[in-house]
Amino acid sequence: MAESWSFLDTFEPDFRPLVVIELAKGAKEETIEWFTKRVVDKKANGGAQLLVKPLVTENGDENIYLVGASHLRLLLGAETVGLVKECNDNSMRTFTYSSRKTFKDFADDNHNFLTMAESQYIIKHELENLRAKDEKIIPGYPQAKLYPGKSIVRRLLTSGILVQIFPLHDREELKKLRHSWYGRVKVGYQPLDEIRCYFGETIALYFGFLEYFTFALIPMAVIGIPYYVFAWEDYDKYVMFATFNLLWSTVILEVWKRICAIMTYRWGTLLMKRQFEEPRPGFHGVLGINPITGREEPVYSSIKRQIRIYLVSVPFVCLCLYFSLYVMMIYFDLEQWALDYHEENESNFSSLMLFVPSIIYAVVIEIMNRIYRYAAEFLTSWENHRLESSYQNHLILKVLVFNFLNCFASLFYIAFVLFDMKLLRQSLATLLITSQILNQFAESLLPYWLQKRQKKRLKKRMCSLKTDTDLSLVEQVNLEREMGTYFGTFDDYLELFLQFGYVSLFSCVYPLAAVFAVLNNITEIYSDALKMCRVYKRPFAEPTANIGVWQLAFETMSVISVVTNCILIGMSPQVNALFPDSKMDLMLTVALVEHLLLAIKFIMAFVIPDKPRDIQIKLAKLEFESLEALKQQQMKLAAESLKE
């Protein structure tokens, strides 16, 4: 294969490998030749018009290929995917090749006009849009069926012929990013623009939200420390803390929308048009015609999908929720046993035993959350959603409902059934701290340790490699292909969502919750940065304009926190003393205050604009210019038709 693609050297002398394609070791020669030909073939012939070179490995039986593209091809691809770049007049506009001279820093010989992450995103887009034409099967594999319009890469993946596709790291840029990001301990902001240039907008937005949320927690932490130090048992004083909590949870989410709009406008993704969404890789059904696109694609009955959701998925989720409540009641039995043991013995050991049930329960919660996550992914995939967005929404809904009940049901039970504020404080502290320790270990420390071991073994093997090939490139590819795959920001946002719940729902009885959250998030920033740069393969950049459905999830949690904190305030002795004769008056007053606070919350959400005024003006100006350009084009066409 090395000789058959040698002509590519003359086609692009400065070949820059951007993406790695790894095919199965036993992949048939005719399959490899067919696939690589489709990758390099011209767009007019149904190819991707990219550049491919084989990577010569130590034993020669690895089917690994490096993919790149010419500068012209990347520029045309940037127009295809709708990338937005900064113009010479400092405005942000969708890139077009015909108007390339109007964009800042553009030059025909400037190959850095597009970032490496943008170039890799373009290549990924082109590979994923390689579609079958007249082929009925993948050559060499009669069982791997194709039909016109089917994604070739997705079929190769599901058939096991294609092992993985991943973007290469830029070692020099990564070294600079590591140094400015986590190479030294400092008090300051993260290099979000550099993170965006290297990893893309989705990951940069996550780290931006993590940083913002950490700073937003500081006022809660500062106020919480004196409450903890000077009023440990005096719950009356927590009324003011709970009131502040209500306003805080609303304001921070509204301000985040504005900060998010500022960042994504600067990065160009706020202006990107949402493309027509293709069917997700796992979607299957009988071959039919899409009435919108006219393409052949699988068709699956929505009635069958609804039956699967409501007759299988919903009952399964309800069964899991019941099991979670059953485990919770076992936890309370253990709490009672520990309390009885302490009352009988009254020793230091018995005092420590009081915390054991909460620690065990926190560990069990984490285990149940992870097991349920796999079940939820299987069920959501089995439901056979056509679009990736629909799949993600159903998955997130399943996971959030279970995680919310699993993590917070015991706290609600203690607060509003047992009315035990001391046990609530103890359980909240134990659940929060234990979950943070377990997450840090499972998500960062363990993968980093395993990756270090793998890297040492691979380096020993590479030392014995004797070949004329560029050793550094071979070593880099082999190191990165063995790294773990980063599956996105889902788990990271879920961890922040649960942390937000611990802080906003019940922190008035344990003010140090915000303090521990701040400390955890500071270490989380460094550990997540470490795993992105050292533990996982480089993920493909994914343009995005916001944090998606997670914004709604956080806002829903803040609404629940209003209700929770109002009830906690109503339960306080200080408020109860105002209604000594009538509990009904107390309940009605609490309900009235709760409704007023919710009204204030929604008014604030309406009054505070999601986008700053200057960005609104810039967006309106661009829309006006687009309409004017469309009018000019229509007038030109009309004038030409009149001449004819």
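The values are calculated or read from the model by the stated rules, or taken from the named source; none is laboratory data. Note that the structure is a prediction, hence the values are computed from the model and not measured. Cβ sites come from the backbone with ideal geometry, for glycine too, and all protein chains shown count toward neighbours. Note: accessible area is taken over every heavy atom of the protein model, side chains too, but ligands, DNA and RNA are not part of it. Shrake-Rupley method; radii C 1.70, N 1.55, O 1.52, S 1.80 Å.
A few notes on this one:
- Simple spin-label estimate for E482 and A620 in nanometres, 7 Å along Cα-Cβ: 5.9 nm
- Computed E for T102/S180 - FRET, C-beta separation, R0 35 angstrom, nearest 0.05: 0.65
- With 0.36 nm allotted per residue and the present C-alpha distance subtracted, the N112-L588 stretch has 164.9 nm of extension available.
- Within the chain, the longest run free of exposed loop sites, counting chymotrypsin sites (Phe, Trp or Tyr not before Pro) that sit outside DSSP helix and strand states (H, G, I, E, B) and have at most 12 other Cβ atoms within 10 Å, spans 488-644.
- Where region 19-168 is the region considered: accessible area per residue in Å², 1.4 Å probe: 42 Å²
- With Cα atoms defining each centre, region 494-522 and region 572-644 are spaced 28 Å apart in the structure.
- Folded to 0 to 90 degrees: helix 388-413 orientation relative to the chain principal axis, Cα: 20 degrees
- Taking a point 7 Å from the Cα of E86 along the Cα-to-Cβ direction, the residues of region 596-622 with backbone N closer than 16 Å to it are 615.
- Using the Cβ-Cβ distance between N348 and I137 with R0 = 51 Å, the FRET efficiency computed as 1/(1 + (r/R0)^6) comes to roughly 0.10.
- Length gained on full extension, V363 to Y310: 16.0 nm, using 0.36 nm per residue less the C-alpha separation.
- Computed helical MRE - 222 nm, the chain, DSSP H runs ≥ 4 contributing -39500 (n - 2.57), nearest 500: -20500 deg cm²/dmol
- Gyration tensor (alpha-carbon) shape descriptor, region 50-185, a/c threshold 1.5: oblate
- Counting only DSSP beta bridges with both residues in the chain, the antiparallel share comes to about 95 percent.
- Here the relative contact order of the chain, from alpha carbon pairs under 8 Å that lie six or more residues apart, stands at 18 percent.
- Distance between the 7 Å Cα→Cβ label points at E628 and S302: 4.2 nm.
- On Cα atoms only, tilt of 171-181 relative to the major axis of the chain in degrees: 20 degrees
- Taking the centroid of alpha carbons for each part, region 28-84 and region 106-148 are 7 Å apart.
- Selection from W550, L271, L66, by position along the positive dipole direction of the chain (Cβ): L66
- Rolling a 1.4 Å probe over the protein heavy atoms gives region 282-392 an accessible area of 60 Å² per residue.
- Placing +1 on each Lys and Arg Cβ and -1 on each Asp and Glu Cβ, with no other charges, gives the chain a dipole about its Cα centre of roughly 1520 debye.
- Cα lying deepest toward the dipole's positive end in region 332-442, options I414, F404, L352, charges on Cβ: F404
- With a simple spin-label model that places each label point 7 Å from the Cα along the Cα-to-Cβ direction, the separation between L72 and A638 comes to 3.8 nm.
- Share of pairwise Cα-Cα distances greater than 34 Å in the chain is 55 percent (whole percent).
- Checking every one of the GluC sites (Glu not before Pro) in region 506-609 against DSSP loop status and a limit of 16 other Cβ atoms within 10 Å picks out no site at all.
- Accessible surface of region 19-168 [probe 1.4 Å, protein heavy atoms]: carbon and sulfur percent: 50 percent
- Förster radius 30 Å - calculated FRET efficiency between L598 and S389 (Cβ-Cβ, nearest 0.05): 0.55
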